[in-house]
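Participant: This is the structure, below, for whatever I ask next.
The values are calculated or read from the model by the stated rules, or taken from the named source; none is laboratory data. Nothing here was measured: the structure is a model prediction, and the numbers come from that model. We place every Cβ from the backbone using ideal geometry, glycine too, and count neighbours over all the protein chains shown.
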Amino acid sequence: MIDLRSDTATRPTAGMRAAIAGAEVGDEQRREDPTVNELQERAAALLGHEAALFLPTATLANQIALKLHSRPGDVLVAERYAHVVIYEYGGAAAHAGLMVETIEGRQGRFGVDELEAVTVPSTKSADQRPAVLAVENTHNSSGGRCWPLADLEAVTTAAREREMRVHLDGARLMNASVAAGVRAAQIAGLFDTVTLCLSKGLGCPLGALLAGSTETIERAWREKHLFGGAMRQAGIVAAAGVYALEHNIDRLSEDHARAHRLAEGWHAAGLPVDLDQVETNFVQLDVGALGFDRDEALARLREAGVGLSSTIHPTVIRAVTHLDLDDDAIDRAIDLAPQALGARVAA
Ligand SMILES: Cc1ncc(COP(=O)(O)O)c(C=O)c1O
């Protein structure tokens, strides 16, 4: 199967496996794992923060950040379809005791006016407090859309004026950075904390980082232990992260170029692709326009040997490019998908 379901589908390359095999390791909990320490230092430098913490998943990084920036009963503000709102099993409520206030965004983005409308300062001491703003870049549910830097500057400034802390869910921050030609530190530096995922476009089997100030990351270490996420010889997987930061960032532009080619190929063959949506490595198809039920479309595609996946939007399915897919795989997907969905395209 040509696996376009997600960029989490990548398997470690030979080079990454060699780095894993040769990793120097120690006790991470004692902060004695040299490879974990190296990864954390490199990530902090990349993201323009004082410190970073290695974690098993981006979900854990987000959850720790939300806890650090709030007290139970406070309010988390985020875009309606943000990963922290719809895909983290209510963790913001379960772990941090947060109420969630959402903003109906466009392409995952929103403006200062919309932020201000949901964070009106209270005159009563008993009211709950908007404590943390979480922003997602790239934004998964809208199809890997990017925030312009000026918009991020505006909303983070407005949130700080409301005395809120600001967290970036940058699981795919490197895609945003490469697509916009903006250094990751310029984007990440606007925030108090930043999540970066290693197991998506960067191609690691697992791992994520949370970056912030030295003081914030010291507090994050405690949360990592509390969540049961503190590890031992974790350098064995951190080595994949070090390798990825060296080898797999610039090449994300290849994934983006392939997503564009896929979208143009499908569009030319009559499939309902919104070409403007394709900014990074996602291509979305609105199968409602074909008269298909989402599950039927996915089943037909899978039968034809092309794996796509569903999104939060009932009629929209997605293809995600990644480093396990070469030009040949994209060419075959360009041919196979219109055939699989073709009967209804003509109708
Ligand atoms: C924007 C975003 N944040 C966080 C995550 C969580 O990543 P993980 O599966 O590593 O917990 C994902 C995963 O798809 C994501 O898309």
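Yes/no per residue for (1) crowded, with 19+ Cβ neighbours inside 10 Å; (2) without any contact (Cβ under 8 Å) to a residue 12 or more places away in the chain; (3) farther than 30 Å from GLN29 by Cβ; (4) in contact with a Pro (Cβ under 6 Å, 6 or more places away or on another chain):
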site: ALA238; (1), (2), (3), (4): yes, no, no, no
site: ARG261; (1), (2), (3), (4): no, no, yes, no
site: LEU298; (1), (2), (3), (4): yes, no, yes, no
site: GLY305; (1), (2), (3), (4): no, no, yes, no
site: PRO314; (1), (2), (3), (4): no, no, yes, no
site: ILE317; (1), (2), (3), (4): yes, no, yes, no
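Participant: What are the pairs with Cβ atoms under 9 angstrom where one residue, in segment 183-211, is among the aromatic types (Phe, Trp, Tyr) and the other, located anywhere, is more than 11 Å from the ligand (Cβ to nearest atom) and assigned to a loop (DSSP other than H, G, I, E, B)? Sequence gap at least six, or different chains.
Facilitator: Close Cβ pairs (under 9 Å, with a partner that is more than 11 Å from the ligand (Cβ to nearest atom) and assigned to a loop (DSSP other than H, G, I, E, B)) amount to PHE191/HIS49.
Participant: Looking at ALA51, ALA94, which is the one that is of a type in the set (Gly, Ala, Ser) and more than 23 Å from LEU173 (Cα to Cα)?
Facilitator: So the residue among ALA51, ALA94 that is of a type in the set (Gly, Ala, Ser) and more than 23 Å from LEU173 (Cα to Cα) is ALA94.
Participant: Still on this structure, please answer the following. Take segment 263-289 and flag every residue that is touching a Lys or Arg at 6+ places or on another chain (Cβ under 6 Å) and either in a loop (DSSP other than H, G, I, E, B) or surrounded by fewer than 20 Cβ atoms within 10 Å (Cβ to Cβ) (or both).
Facilitator: GLU279 - this is the single residue of segment 263-289 that is touching a Lys or Arg at 6+ places or on another chain (Cβ under 6 Å) and either in a loop (DSSP other than H, G, I, E, B) or surrounded by fewer than 20 Cβ atoms within 10 Å (Cβ to Cβ) (or both).
Residues checked against (1) surrounded by 21 or more Cβ atoms within 10 Å (Cβ to Cβ); (2) out of contact with any Lys or Arg (no Cβ under 7 Å at 6 or more places or on another chain); (3) closer than 25 Å to VAL85 by Cβ:
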residue	(1), (2), (3)
ASP7	yes, no, yes
ARG11	no, yes, no
ALA18	no, yes, no
ALA21	no, yes, no
GLY26	no, yes, no
PRO34	no, yes, no
ALA45	no, yes, no
ALA52	yes, yes, yes
LEU55	yes, no, yes
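Participant: For the list (1) in contact with a helix residue (DSSP H, G or I) (Cβ under 6 Å, 6 or more places away or on another chain); (2) closer than 30 Å to ALA158 by Cβ; (3) surrounded by fewer than 24 Cβ atoms within 10 Å (Cβ to Cβ), I need the number of the one condition that LEU196 fails.
Facilitator: The failed condition is (3).
Participant: Evaluate the following for THR123: is it away from the ligand (no atom under 11 Å from the Cβ), crowded, with 17+ Cβ neighbours inside 10 Å, assigned to a loop (DSSP other than H, G, I, E, B) and free of Cβ contacts under 8 Å to residues at least 60 places away in the same chain? Steps first, answer last, please.
Facilitator: On the way: away from the ligand (no atom under 11 Å from the Cβ): yes; crowded, with 17+ Cβ neighbours inside 10 Å: no; assigned to a loop (DSSP other than H, G, I, E, B): yes; free of Cβ contacts under 8 Å to residues at least 60 places away in the same chain: yes.
Against the criterion (away from the ligand (no atom under 11 Å from the Cβ), crowded, with 17+ Cβ neighbours inside 10 Å, assigned to a loop (DSSP other than H, G, I, E, B) and free of Cβ contacts under 8 Å to residues at least 60 places away in the same chain), THR123 does not qualify.
Participant: Check PHE191 against each of (1) within 16 Å of the ligand (Cβ to nearest atom); (2) within 17 Å of ILE64 (Cα to Cα); (3) surrounded by fewer than 24 Cβ atoms within 10 Å (Cβ to Cβ) and name the one condition it does not meet.
Facilitator: (3)
Participant: May I ask you to list the residues in segment 68-107 that are out of contact with any strand residue (DSSP E or B) (no Cβ under 9 Å at 6 or more places or on another chain) and not charged (D, E, K, R)?
Facilitator: Scanning segment 68-107 gives PRO72, ILE86, TYR87, TYR89, GLY91, ALA94, HIS95, GLY97.
Participant: Restricting to segment 222-257, what's the tally of residues that are of a type outside the set (Gly, Ala, Ser) and either within 14 Å of GLY207 (Cβ to Cβ) or in a loop (DSSP other than H, G, I, E, B) (or both)?
Facilitator: Taking segment 222-257 and keeping what is of a type outside the set (Gly, Ala, Ser), we get 222-227, 231-233, 236-237, 242-243, 245-252, 254-256.
This time we only want the ones that are either within 14 Å of GLY207 (Cβ to Cβ) or in a loop (DSSP other than H, G, I, E, B) (or both), so: 224, 227, 231-233, 236-237, 242-243, 245, 248-251.
Residues in segment 222-257 being of a type outside the set (Gly, Ala, Ser) and either within 14 Å of GLY207 (Cβ to Cβ) or in a loop (DSSP other than H, G, I, E, B) (or both): 14 in total.
Participant: Any idea which of (1) modelled with pLDDT of 95 or more; (2) aliphatic (A, V, I, L, M); (3) under 14 Å from GLU161 (Cα atoms) is the one ALA78 doesn't satisfy?
Facilitator: (3)
Participant: Restricting attention to helices (runs of 4 or more DSSP H) lying wholly within segment 132-210, give those where 1 or more residues are closer than 20 Å to ALA240 by Cβ.
Facilitator: 173-180, 184-188
Participant: I would also like to ask the following. In segment 17-35, which residues are part of a helix (DSSP H, G or I) and more than 15 Å from GLU246 (Cα to Cα)?
Facilitator: ALA21, GLU28, GLN29, ARG30, PRO34
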